[in-house]
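Asker: Please see the structure below; I have some questions.
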Amino acid sequence: MSKTEILVICRHQGILETVVRLINNNPDWHATGAATDEEAIAAFMALSFTLVLLGSGIEQESENKIRAEFVARDPSVIIVQHYGGGSGLLAAEIYQALNGPH
Amino acid sequence: MAQTILHKAETRGHANHGWLNSYHSFSFANYYNPDRMHFGALRVLNDDTVDAGKGFGTHPHDNMEIISIPLEGDLEHKDSMNNVAVIKNGDIQAMSAGTGIYHSEYNKDREHRVKFLQIWVYPDKKNVEPRYDQITLNLEDRHNKLQQILSPNPDDEGVWIHQNAWFHLGKFDKGVSAEYDIKAKGNGVYVFVLTGEVRVNDQLLNTRDGYGIWDTDKFTITAETDAEFLLMEVPMIQ
């Protein structure tokens, strides 16, 4: 069974690495990390993601641009704000995003 | 008419890692309950006990307001802003993680455990500059009255955070009552009983029970026994 692909975007490199590592610890998920808008857009064009997590430091203008580009390419993609920086909130955030109302 | 929700102590998530025994009022780490995700902007209420000499190694946080209240023993905090502090029983610490911060929390005492509450609140502004604030509280200021320990205002009593939230502690003798007026329209209050029994309006609460109340302007809290409790007023964000 294929893993759920999750794109994590975060300006803080250390937190980005932590979040990606934690997600990849789950056998059902696979995370790709991106620190810049360009990296994020390139990743999104290359792979089909179910979920995008927006981490810390993303400017509002960037967030608006990313959301618009991603939804235009794939209206079904789920984009949520990640809070906590790779802490105990991560798993619940992902479960709720994947299973809850969108 | 007031809306309420009751979270009995025994319904909390529980994780015992040996050195850390933690009860989660809301989903956290491996405890996931879609019906227990948050109470308004209150996202985490962890009731932690850490063994002597043990603690949480350096780990990151961002975009959360993190409040630590030791109930027994002391906690050493170190962070990437070069802050090193001991949060003692009787203190409260607030940390705005903002754009990102690393910190560790250790029980440096070699003989005694530390018990503390770790409380996380969603900020009202993302990506703030990380900062922290810590004060020592006067125990007498909560004896038979409500002691404000946290607010949105740096110039007000207690510590401050980036959210329209107010926290109060109370240590009431049996029979003492107080009325709590909600400070901001649209806010609710999560009551957490530290010890003893209290009644919030008509609802009896026991030790470590949680009770959320919203869509009201005020409520009455009465100590049915000698009791200590924490009131957390937060915006009722969805």
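Asker: Let me confirm something: among A:Leu53, A:Leu47, which residue is within 13 Å of chain B (Cβ to nearest Cβ), within 13 Å of the chain's Cα centre (by Cα) and not acidic (Asp, Glu)? Walk me through how you get there before you give the answer.
Answerer: On the way: A:Leu47 fails: within 13 Å of chain B (Cβ to nearest Cβ).
After ruling out the rest, the residue left standing is A:Leu53.
Asker: Ok, one more. Would you be able to say whether some residue in the range B:122-145 is touching a helix residue (DSSP H, G or I) at 6+ places or on another chain (Cβ under 7 Å) and buried (at least 18 other Cβ atoms within 10 Å of the Cβ)? If you could, list the steps in order and put the result at the bottom.
Answerer: The first filter runs over the range B:122-145 and keeps only residues touching a helix residue (DSSP H, G or I) at 6+ places or on another chain (Cβ under 7 Å), leaving none.
Taking every residue of the range B:122-145 in turn, none turns out to be touching a helix residue (DSSP H, G or I) at 6+ places or on another chain (Cβ under 7 Å) and buried (at least 18 other Cβ atoms within 10 Å of the Cβ).
Asker: Of everything in the range B:70-108, what is within 14 Å of another protein chain (Cβ to nearest Cβ) and either assigned to a strand (DSSP E or B) or of a type in the set (Asp, Glu) (or both)? Give them in sequence order.
Answerer: B:Asp79, B:Met95, B:Ser96, B:Ile101, B:Tyr102, B:His103, B:Ser104, B:Glu105, listed by residue number.
Asker: Let me ask something additional. Sort through A:Ala91, A:Ala34, A:Ala40 and tell me the only one that's within 13 Å of A:Ile6 (Cα to Cα), at the interface with another protein chain (Cβ under 8 Å from one of its Cβ atoms) and surrounded by 12 or more Cβ atoms within 10 Å (Cβ to Cβ).
Answerer: Numbers: A:Ala34 fails: at the interface with another protein chain (Cβ under 8 Å from one of its Cβ atoms); A:Ala40 fails: at the interface with another protein chain (Cβ under 8 Å from one of its Cβ atoms).
So the residue among A:Ala91, A:Ala34, A:Ala40 that is within 13 Å of A:Ile6 (Cα to Cα), at the interface with another protein chain (Cβ under 8 Å from one of its Cβ atoms) and surrounded by 12 or more Cβ atoms within 10 Å (Cβ to Cβ) is A:Ala91.
Asker: Are there any helices (runs of 4 or more DSSP H) wholly within the range A:1-88 with 2 or more residues that are in contact (Cβ under 8 Å) with a residue 12 or more places away in the chain, over 24 Å from B:Ser96 (Cα atoms) and in contact with a Pro (Cβ under 6 Å, 6 or more places away or on another chain), and if so which?
Answerer: Working: elements: A:13-24, A:37-46, A:60-73.
Where helices (runs of 4 or more DSSP H) fall fully within the range A:1-88, none carries at least 2 residues being in contact (Cβ under 8 Å) with a residue 12 or more places away in the chain, over 24 Å from B:Ser96 (Cα atoms) and in contact with a Pro (Cβ under 6 Å, 6 or more places away or on another chain).
Asker: So how many residues does the range B:1-39 have that are in a loop (DSSP other than H, G, I, E, B), farther than 24 Å from B:Glu105 by Cα and either of a type in the set (Asp, Glu) or more than 14 Å from chain A (Cβ to nearest Cβ) (or both)?
Answerer: Number satisfying all stated conditions: 4.
Asker: Then there's this: Hey, among B:Asp181, B:Asp156, which residue is out of contact with any strand residue (DSSP E or B) (no Cβ under 6 Å at 6 or more places or on another chain) and more than 14 Å from chain A (Cβ to nearest Cβ)? Explain how you work it out, then say what you get.
Answerer: On the way: B:Asp181 fails: out of contact with any strand residue (DSSP E or B) (no Cβ under 6 Å at 6 or more places or on another chain).
None of the other options fit; the residue is B:Asp156.
Asker: Here is a further query. Looking at the range B:142-235, what strands (runs of 3 or more DSSP E) fall wholly within it and have at least 1 residues that are within 16 Å of the chain's Cα centre (by Cα) and polar (S, T, N, Q)?
Answerer: Fully inside the range B:142-235 and qualifying: B:147-151, B:187-195.
Every number in this text was worked out from the coordinates using simple rules, so none of it is lab data. As the structure is a prediction and not an experimental result, all values here were calculated from the model. Here the Cβ is made from the backbone with ideal geometry for all residues, glycine too, and neighbour counts use every protein chain on show.
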